[in-house]
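Here the structure comes first, spelled out in structure tokens, and everything after it is commentary.
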């Protein structure tokens, strides 16, 4: 008789293999089929990982449709595990599944511009859920920095697309682009380039401070939205720190006993380093006239 946990372990192992293939395929410079090829293996990785999770938590029969020997589709597995229809991860997976279902019919180079950030988010959440569901670190099999996809940046040239593809493909691509844009920041990873003022000679590139010329730079002073800078409340900060500690394999010891990092531990650090009231760490969002004047409603700086 086949042991149930042996089946689960084999599913998890195959899932990781599919995930690694997705990463390697996307980052391979000689292949132009980046987004579509990565998507196929990424969906397979999630499908196997969720099947293992459902089997472990709900029993092997939960993987199949009622009164049938046909296993649940990836879409239905996602709905079974992530029950909140507005969950950013669920919406992301639904977009990736849509790409897998349509890319065999619409193969274009511009898919990468639309889906690169979406696939990057999907990769990062796989790493997170593999750790949460199965206690496995994918970084044991691949260096963590390799989890960053070599996403091609750029803008979509509508006129160029219309000139290169048929009307059917153009309409499909524009619809997909509009649907992804409508999601806002849900299910995508923003990319940014940071410039630092430094005198070190080993900087990535150098500029001169000026207001014109191609290789010039100027210093800007801009207002910062505190909502974006201080995005963690105590509860979410504790959850974030707890996940970081778990990933690093760090155990908090209190009086010689292992404890899970909690609100009390957080407050000890906040009081010791005087984080509240210090704009380097927190911001007071309390409004004048509030019945709880004096109460600290702070968010932590990222």
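The values are calculated or read from the model by the stated rules, or taken from the named source; none is laboratory data. Quantities reported herein were computed from a predicted structural model and do not represent experimental measurements. Cβ atoms come from the backbone with ideal geometry, glycine included; neighbour counts cover every protein chain shown.
Name the pairs: first residue in region 236-262 and part of a helix (DSSP H, G or I), second residue at pLDDT below 85 and surrounded by 12 or more Cβ atoms within 10 Å (Cβ to Cβ), Cβ to Cβ under 8 Å, at least 6 apart or on different chains?
237/300; 240/232
As an exercise: evaluate residue 70 against (1) touching a strand residue (DSSP E or B) at 6+ places or on another chain (Cβ under 8 Å); (2) in contact (Cβ under 8 Å) with a residue 60 or more places away in the chain and give the number of the one condition it does not meet.
(2)
One residue is enough: does region 51-71 have a residue meeting the conditions part of a helix (DSSP H, G or I), modelled with pLDDT of 95 or more, surrounded by fewer than 20 Cβ atoms within 10 Å (Cβ to Cβ) and within 23 Å of the chain's Cα centre (by Cα)?
Among the residues of region 51-71, not one is part of a helix (DSSP H, G or I), modelled with pLDDT of 95 or more, surrounded by fewer than 20 Cβ atoms within 10 Å (Cβ to Cβ) and within 23 Å of the chain's Cα centre (by Cα), which makes the answer no.
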